[in-house]
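Data block below; observations after.
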Amino acid sequence: MNASLPPGLYIVATPIGNLGDLSPRAAQTLRGASLILAEDKRVSAKLLAHTGATAPMWTYHDHSSEADRDAVLARLANEAVALISDAGTPLISDPGYKLVRAARVAGHQVHTIPGPCAAVAALTLAGLPTDRFLFVGFLPAKAKARGEAIAEIASIRASLVLYESGPRLGEALLALRDGLGSRDAAVVREISKLHEECRTGTLAELADRYAGAAPKGEIVIVVGPPPEREAASDEELDAALQAALTSMTASRAAAHVAELLNLPRKRVYARALTLGPDR
């Protein structure tokens, strides 16, 4: 064990394409670790050869067992163990959070070595609002589950960041178009590599562009937040409340309509009381 690297778990971000993005600290950590946990040892072997790291690798991924995790925990008290993913920052749509949680519960030191992350890198390229964003990860593969997942996030006033594969990109963009409407979006691929690309447009335009043409490489979709809704008129408010009051109390109807029309709940509740008695 390298004496300069105290025992504990080290979460090490690795390049998402360009090996030059590996930080000196990350390289030093990999060289000093006694054990390296990798999703796919064949993928990580190239990186370790580049850094000169010689520690043995264990496979650690979503399907690793509790016994695998316990075996890692047993080594943390006396050894430095590095956790890496195939690319980017571990735990961001990659395995690892259970190990981090278990290490903390057991009283072991946990350190992070920050670095590349495809979700954040795509946000910087997309030219869409970044003050609030939601990382969605991968959408479900089946159409029904995918549509339900999109419906859950449709009203969130933030940019959405999703990972996708080339063969599924066209279907994903169509589902996003159908579920989110006409929003600005970007498809970012091959970040930091020779053929880095960022295509922007509406979801409909991007769906047309990639229909039947599956691009290669790692892909991130960034979707802008929903457009600001114009203030609802008194007529719209009354119509929505009257419909809600047929099956809800004034309080519940006010809460429902306030969210629907993006209006202050106090204003909506006051109007609901004038339209009918609480029931």
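Which members of region 162-206 meet the condition of being without any contact (Cβ under 8 Å) to a residue 24 or more places away in the chain and of a type in the set (A, V, I, L, M)?
194
Got a number for residues in region 219-257 being in a helix (DSSP H, G or I) and among the aliphatic types (A, V, I, L, M)? Even if it seems obvious, please write down each step before you answer.
Start the filter on region 219-257 by keeping residues that are in a helix (DSSP H, G or I), which leaves 234-244, 250-257.
Subsequent filtering for residues that are among the aliphatic types (A, V, I, L, M) retains 237, 239-241, 243-244, 250, 253-255, 257.
Count: 11.
Go through (1) in the same structural domain as residue 183 (by TED's automatic domain parsing); (2) touching a residue at least 60 places away in the same chain (Cβ under 8 Å); (3) of a type outside the set (Lys, Arg); (4) not in a helix (DSSP H, G or I) and name the single condition residue 135 misses.
Looking at each condition in turn, residue 135 falls short on (2).
Just give me the residues in region 136-192 being among the basic types (Lys, Arg) and buried (at least 16 other Cβ atoms within 10 Å of the Cβ), in sequence order.
146, 168, 177, 183, 189
Can you pull out the residues in region 138-157 that are part of a helix (DSSP H, G or I) and of a type in the set (D, E, K, R)? Write out each step before concluding.
Our first condition is that a residue be part of a helix (DSSP H, G or I); within region 138-157, this holds for 143-153.
Once the filter is applied, which keeps residues that are part of a helix (DSSP H, G or I) and of a type in the set (D, E, K, R), region 138-157 yields 144, 146, 148, 152.
Within region 240-270, which residues are out of contact with any helix residue (DSSP H, G or I) (no Cβ under 8 Å at 6 or more places or on another chain), among the hydrophobic types (A, V, I, L, M, F, W, C) and closer than 20 Å to residue 155 by Cβ?
243 - this is the single residue of region 240-270 that is out of contact with any helix residue (DSSP H, G or I) (no Cβ under 8 Å at 6 or more places or on another chain), among the hydrophobic types (A, V, I, L, M, F, W, C) and closer than 20 Å to residue 155 by Cβ.
Which ranges mark the strands (runs of 3 or more DSSP E) fully within region 6-104 that have 1 or more residues being closer than 17 Å to residue 115 by Cα and touching a strand residue (DSSP E or B) at 6+ places or on another chain (Cβ under 6 Å)?
8-12, 35-38, 80-83
What number of residues within region 178-199 satisfy the criterion of being among the basic types (Lys, Arg) and modelled with pLDDT of 95 or more?
Of the residues in that region, 2 qualify.
Please state which one of 76, 99 is surrounded by 17 or more Cβ atoms within 10 Å (Cβ to Cβ), within 30 Å of residue 218 (Cα to Cα) and not aromatic (Phe, Trp, Tyr). Talk me through it step by step, then tell me what you get.
Details: 76 fails: within 30 Å of residue 218 (Cα to Cα).
99 is the lone residue from the list that is surrounded by 17 or more Cβ atoms within 10 Å (Cβ to Cβ), within 30 Å of residue 218 (Cα to Cα) and not aromatic (Phe, Trp, Tyr).
Is one or more of the residues making up region 65-81 outside the structural domain of residue 189 (by TED's automatic domain parsing) and within 24 Å of residue 120 (Cβ to Cβ)?
no
Residue-wise test of (1) under 32 Å from the mean Cα position of the chain (by Cα); (2) in the same structural domain as residue 122 (by TED's automatic domain parsing).
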| position | (1), (2) |
| --- | --- |
| 219 | yes, yes |
| 228 | yes, no |
| 241 | no, no |
| 247 | no, no |
| 254 | no, no |
| 258 | yes, no |
| 271 | no, no |
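Looking at (1) of a type in the set (Ser, Thr, Tyr); (2) over 26 Å from residue 266 (Cα atoms); (3) exposed (fewer than 15 other Cβ atoms within 10 Å of the Cβ), which one does residue 246 not meet, given that it meets all the others?
(2)
In region 68-87, which residue that is modelled with pLDDT under 95 and among the small types (Gly, Ala, Ser) is farthest from residue 16 (Cα to Cα)?
Per the stated criteria, the residue is 77.
Is it true that residue 137 is in contact with an Asp or Glu (Cβ under 8 Å, 6 or more places away or on another chain), within 30 Å of residue 27 (Cβ to Cβ) and of a type outside the set (Lys, Arg)?
The answer is no for residue 137.
The values are calculated or read from the model by the stated rules, or taken from the named source; none is laboratory data. The structure displayed is predicted, hence computed values, not measured ones. All Cβ positions, even for glycine, are placed from backbone atoms using ideal geometry, and neighbour counts span all protein chains on display.
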